[in-house]
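**Q** I'd like to ask you about the structure that follows.
The values are calculated or read from the model by the stated rules, or taken from the named source; none is laboratory data. From a predicted model like this one, the values you see are computed outputs, not experimental measurements. Positions of Cβ are backbone-derived with ideal geometry, glycine not excepted, and every protein chain shown enters the neighbour counts. Just the protein is used for accessible areas: all its heavy atoms, side chains included, with ligands, DNA and RNA removed. Shrake-Rupley method; radii C 1.70, N 1.55, O 1.52, S 1.80 Å.
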Amino acid sequence: MSDITKIILDCDPGHDDAVAIMLAAGSPKIELLGITTESGNQTIEKTSRNALKVLQWIGRGDIPVYMGCKGPMVREKMTAADIHGETGLDGPAFPEITLKLQEKHAVQYIVETLMASEEPITMVTTGPMTNLGMAIRMEPAIVEKIDKIVLMGGSYQNGNVTPAAEFNIICDPEAAYICFTCGRPVYMMGLDITRKVLCVPEVVERMKKIGNKASDLFVDLMAHFCRTQKEIFGFPGGPLHDPCTIVWLIAPDVITLKPMHTTIDISRGESYGRTNCDFFNYQKKSINSNVAVAVDVDRYWDVIEEELRRYS
Ligand code: BDR
Ligand code: CA
């Protein structure tokens, strides 16, 4: 068995998604087969363009980008312009984009890639789970080709959009429901740990010292992200949510997971979009998820620095 993890990264860049892209594209432990985009932090047109901006910046135009669904399965569309700005990636000054999107739809790409693969592929989602949920409904036979689903989303404590729900899950609870019940192992990096990896000014200074194109982008991204996170949530640094998925794939010892039975609330009540994680396994129900419960914050930043240093 190869120790390189083949992934498809489904994302809605997004400042923290952009960092996840840089880590996934550069790590020798990961083969990034393709990027699929979600409507989430901004509209699908904007998040797709943002994925191209990041890839062009780091010189990885060889990684194909497929535009995904224009909105969620059932509920009305949401964005997070208050955090990520009008473009979805406000802050850095990007040059004109010459990279182009692939013509194929993201859902079609996910289905075809999984069906054609001889080895199972890891699906990483750092946005709403619409494309993956749609792909599972479009061709249920893909499920056995999924090695695991690694997502940033949810929380066993409180949410960040409602007291109960986290942004990626509440953007499309029905899609998350399909993914969590598909039968493949789910590794959930929720707010419980992602709110611990705060990109405080000392971290930004540390990454600035690397002095390459990836760290330059990191610093410019964090200038906007940390400001809005402070204004809205009062955090002393932006929680670097999405890279938790990729850091865990690169260095699993950094994040501690606990097996739990998790359901997604699709009842449309006050807790719509909540990840109900049975932390104590009191209900003795089948385990369908491994939920992140602790993160070694110092090691987290070590891994991020090490990965950004791979760029010239
Ligand atoms: C999640 O929501 C988005 O705004 C971030 O990119 C992250 O994926 C955090 O709740
Ligand atoms: Ca995201």
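**Q** Please report the antiparallel percentage of the DSSP beta bridges confined to the range 5-308, to the nearest 5. Numbers along the way, then the final one.
**A** Numbers: 11 of 36 bridges.
Of all bridge pairs located within the range 5-308, approximately 30 percent are antiparallel.
**Q** Something else about it: Can you figure out the FRET efficiency of Phe233 with Glu118, using R₀ = 51 Å and their beta-carbon distance, to the nearest 0.05? Intermediate results must be reported in sequence, preceding the final value.
**A** Details: r = 44 Å, r/R0 = 0.87.
Calculated value: 0.70.
**Q** Given an 8 Å cut-off on Cα distances and at least 6 residues of separation, report the relative contact order of the chain as a percent.
**A** On the way: 712 pairs, mean separation 60.7, N = 312.
Computed over the chain, the figure is 19 percent.
**Q** Greater than 21 Å separation of Cα atoms is the criterion. Which listed pairs, Lys104/Lys148; Lys6/Lys148; Lys104/Lys213; Lys196/Lys258, meet it?
**A** On the way: Lys104/Lys148 24 Å; Lys6/Lys148 11 Å; Lys104/Lys213 30 Å; Lys196/Lys258 17 Å.
Pairs exceeding 21 Å: Lys104/Lys148; Lys104/Lys213.
**Q** Moving on. I'd like the distance between the alpha-carbon centres of the range 270-304 and the range 198-234, rounded to an integer number of Å.
**A** Taking the Cα centre of each part, the range 270-304 and the range 198-234 sit 26 Å apart.
**Q** Taking GluC sites (Glu not before Pro) as candidate sites, keep only those in a DSSP loop with at most 16 other Cβ atoms within 10 Å, then name the longest stretch of the chain containing none of them. Kindly include the intermediate steps, with their values, before the conclusion.
**A** Numbers: sites that count: Glu76, Glu86, Glu96, Glu103, Glu118, Glu270.
The longest such stretch corresponds to 119-269.
**Q** What number comes out for accessible area per residue over the chain if the probe is 1.4 Å? Units Å², please.
**A** Numbers: 12410 Å² over 312 residues.
Spelled out: the 1.4 Å probe surface of the chain, per residue, equals 40 Å².
**Q** First compute the accessible area of the range 5-308 with a 1.4 Å probe, then give the percent of it belonging to carbon and sulfur atoms. Walk me through the numbers before you get to the answer.
**A** On the way: 5930 of 11520 Å².
Roughly 51 percent of what the probe reaches on the range 5-308 is carbon or sulfur.
**Q** Please compute the length gained on full extension between Thr162 and Glu31, using 0.36 nm multiplied by the number of residues separating them and subtracting their Cα-Cα distance. List each step's numbers first, then the result.
**A** Numbers: separation 131, 0.36 × 131 = 47.16 nm, distance 3.54 nm.
Contour length minus the Cα-Cα distance gives 43.6 nm.
**Q** Using 7 Å Cα-to-Cβ label points, what is the Val74/Ser312 separation (nm, one decimal)?
**A** Between Val74 and Ser312, the label points sit 5.1 nm apart.
**Q** Using r as the Cβ-Cβ distance of Glu45 and Lys284, and R0 as 45 Å, what FRET efficiency do you calculate, to the nearest 0.05? Provide the component values of the computation, followed by the final result.
**A** Values: r = 46 Å, r/R0 = 1.03.
Computed FRET efficiency for Glu45 and Lys284 comes out at 0.45.
**Q** I would also like to ask the following. Where the centroid of each part is defined by its Cα atoms, how far is the range 1-34 from the range 93-145 in Å?
**A** 13
**Q** The chain: longest stretch without exposed chymotrypsin sites (Phe, Trp or Tyr not before Pro) (DSSP loop, at most 12 other Cβ within 10 Å), sites themselves excluded? Present the calculation step by step, with values, prior to reporting the outcome.
**A** Numbers: sites that count: Phe280, Tyr282.
My reading of the result: 1-279 is the longest stretch.
**Q** Then there is this: Pull out a ≥ b ≥ c, the square roots of the eigenvalues of the alpha-carbon gyration tensor of the range 5-308, then state rounded if a/c is under 1.5, prolate if not and a/b is larger than b/c, and oblate in the remaining case. Walk me through the numbers before you get to the answer.
**A** Values: a/c = 1.38, a/b = 1.16, b/c = 1.19.
It comes out rounded by the Cα gyration axes.
**Q** Which FRET efficiency value, to the nearest 0.05, do you get for Lys213 and Glu96 by plugging their Cβ-Cβ distance into 1/(1 + (r/R0)^6) with R0 = 25 Å?
**A** Details: r = 17 Å, r/R0 = 0.66.
Computed FRET efficiency for Lys213 and Glu96 comes out at 0.90.
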